[in-house]
Amino acid sequence: MKSTILTCLALFAASFSQAQTWNIETLRSNINGAWSRTADFDLDGDPDILVQAGDTIYWYENLRPGWTPHVVDPTFYNSTLGWVDVLDIDGDGDMDIIKAPISITGTDSLTWNENQSNGALWEKHTLLKTEGAVGWMQGSYGDLDDDGDLDIVVPEYDYATVGVSSLYWLENQANTSQWIRHDLLAGSHWYSSIADMDGDGDLDITAAWEGVFWLENQLPATTWTKHVAVAGTPNGNFLGACSDLNDDGKADIVSAPSETSGGLVYFANPAWTEVPVNTTGQNLYLGVIGDIDGDGDPDVTYGGAGFLPQGLGWSENQNDGANWVLHDITPHDLLQRIPTGLADIDGDGDTDIVSLTFDFSTGFGSAFWATNPQISVGVNDLNAKTGLSALSIWPNPFSSFTTIHYQLEEPGVIRLSVYNQLGQQVRVLNHSRQDAGIHTVTWDGQLDNGELASQGVYSVRLETGKGSRYTAVVIKS
């Protein structure tokens, strides 16, 4: 199971927790080594759930109600400490699966399963042999060289003196299943994350080991300039991700700041001022980041490492990242819980949480999802904040065109954009000043580069001077 021996001390701050009633449905239990993600594997418009159960990978087809499990790969060996992820590796519009096993000693293979026939068939491919353990339960993906395909950043670390570890990226050769390795930094690294840190239009790389740093992308030059965001001691920064938590247009670094101090913080770009997100819990795991309460800003999920009492929950972003309200979903206990996915699983319009749990006393875990009880800041408050009272898309899914409807509470400059699953803007549909009232925009599936968008899930985001709202849209073949 995903674990490391952490001795966690508490960071105390003026914050509080609110318990909420989230119904929990277990998909699979008694798993020796578990992981989960969410994606629409069959492209039917609703999210499915990926479940790693020991050495076997399944995807659970969402039937609303009910689930049907399908085997993807029964040969995910050395998976007890491994992890899996979902992304469109080959750029054909459906979601594939990448797998990173950890054997602690020796070498392993970083592999991926190609989705064929909407999840009915899967073909296994090998990316490369790895000398060290790969990342810490997360990968990092993006078009680093701006050639239109998806590249992968690999952070390796020495789990038990298994070899020479490194931080490097794999250049995707036009989706031909050929990859070129480019080494960045020697030595162990905990994790990586990809975002445009300096706002120059290309993707940079964030990582951590001795503190937190980011590497400035200067392609086509082969050198990457290292910028230290947070100095630290060896092994001092454990988990991290990038997200704009304070709504200033810059990617911030969200971090579980230390193996020994516990708590979650974010470092505000560019001064890298530390802002607490959750400092009341001990041995916290940083989970996925997304808009849990539907108010237009990103919230942060958290779980427990299983060594000190902690529960599954989420930190509510208030006042553009200045204040955080903690919401516990499960009781505090010694179970390890890691939130791994966000999606509207039950189709009721809000964001649910996909997670896993593990019991160190028995050695087994489970994969489950928790139903969002439609948490909201209130319609009037939300409208006042964003200047919006409606955002809808019909038809959805669509194959040739769809119409986006929205209502402005007051006149102002708006920006209506489409983002892919990596969070990259791919089309600007409207950027102008508009009057209050109801507006419609038709999208024919074309991207800013003139190409047609491939089938899959996209996000439509409407921004005003006060805030933003977004909703998902699915392109089908």
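The values are calculated or read from the model by the stated rules, or taken from the named source; none is laboratory data. Everything numeric in this text was worked out from a predicted model, so none of it was measured. As a convention, Cβ positions derive from the backbone with ideal geometry for all residues, glycine included, and neighbour counts pool all protein chains shown. What goes into the accessible areas is simple: the full protein's heavy atoms, side chains included, and nothing from ligands, DNA or RNA. Shrake-Rupley method; radii C 1.70, N 1.55, O 1.52, S 1.80 Å.
Here are some notes:
- Qualifying residue in the range 75-96 (condition: crowded, with 18+ Cβ neighbours inside 10 Å, of a type in the set (Asp, Glu) and under 21 Å from residue 305 (Cα atoms)): yes
- Scanning the range 360-384 for residues that are modelled with pLDDT under 90, open to solvent by 40 Å² or more (accessible area, probe 1.4 Å) and within 30 Å of residue 285 (Cβ to Cβ) yields 360, 361, 362, 373, 374, 376, 377.
- Pick from the range 180-224, criterion at pLDDT 90 or above and of a type in the set (Phe, Trp, Tyr), ranking: least open to solvent (accessible area, probe 1.4 Å): 213
- Criterion applied to 418, 457, 428 was being assigned to a strand (DSSP E or B), modelled with pLDDT of 75 or more and over 30 Å from residue 314 (Cβ atoms), and the one residue passing it is 428.
- Selection within the range 285-301 - part of a strand (DSSP E or B) and farther than 20 Å from residue 192 by Cβ: 299
- Leading residue by the ranking (nearest to residue 53 (Cα to Cα)) among those in the range 336-348 that are in contact (Cβ under 8 Å) with a residue 40 or more places away in the chain and either surrounded by fewer than 18 Cβ atoms within 10 Å (Cβ to Cβ) or out of contact with any strand residue (DSSP E or B) (no Cβ under 9 Å at 6 or more places or on another chain) (or both): 344
- Yes/no for residue 423 being open to solvent by less than 70 Å² (accessible area, probe 1.4 Å), assigned to a loop (DSSP other than H, G, I, E, B) and at pLDDT 80 or above: no
- Some residue of the range 184-205 being of a type in the set (S, T, N, Q), closer than 23 Å to residue 84 by Cβ and not in a strand (DSSP E or B): yes
- Remark: pairs (first residue in the range 66-78, more than 13 Å from residue 111 (Cα to Cα); second residue surrounded by fewer than 11 Cβ atoms within 10 Å (Cβ to Cβ); Cβ separation under 9 Å; 6+ apart in sequence or on different chains) = 70/120.
- Filter result (modelled with pLDDT under 65, polar (S, T, N, Q) and within 24 Å of residue 194 (Cβ to Cβ)) within the range 249-264: 258
- In the range 438-450, the qualifying residues are those that are surrounded by fewer than 11 Cβ atoms within 10 Å (Cβ to Cβ) and assigned to a strand (DSSP E or B), and the one that is modelled with the lowest pLDDT is 438.
- Yes/no for residue 170 being touching a Phe, Trp or Tyr at 6+ places or on another chain (Cβ under 6 Å) and either open to solvent by 10 Å² or more (accessible area, probe 1.4 Å) or assigned to a loop (DSSP other than H, G, I, E, B) (or both): no
- Criterion: among the charged types (D, E, K, R), touching a Phe, Trp or Tyr at 6+ places or on another chain (Cβ under 8 Å) and surrounded by fewer than 17 Cβ atoms within 10 Å (Cβ to Cβ) - qualifying residue of 99, 129, 124: 124
- Scan the range 95-140 for residues that are at pLDDT 85 or above and not in a strand (DSSP E or B) and the total you get is 5.
- The residue list 392, 477 contains one member that is modelled with pLDDT under 80, more than 21 Å from residue 142 (Cα to Cα) and part of a strand (DSSP E or B), which is 392.
- Total residues in the range 30-74, condition farther than 20 Å from residue 459 by Cβ, open to solvent by less than 40 Å² (accessible area, probe 1.4 Å) and of a type in the set (Lys, Arg): 0
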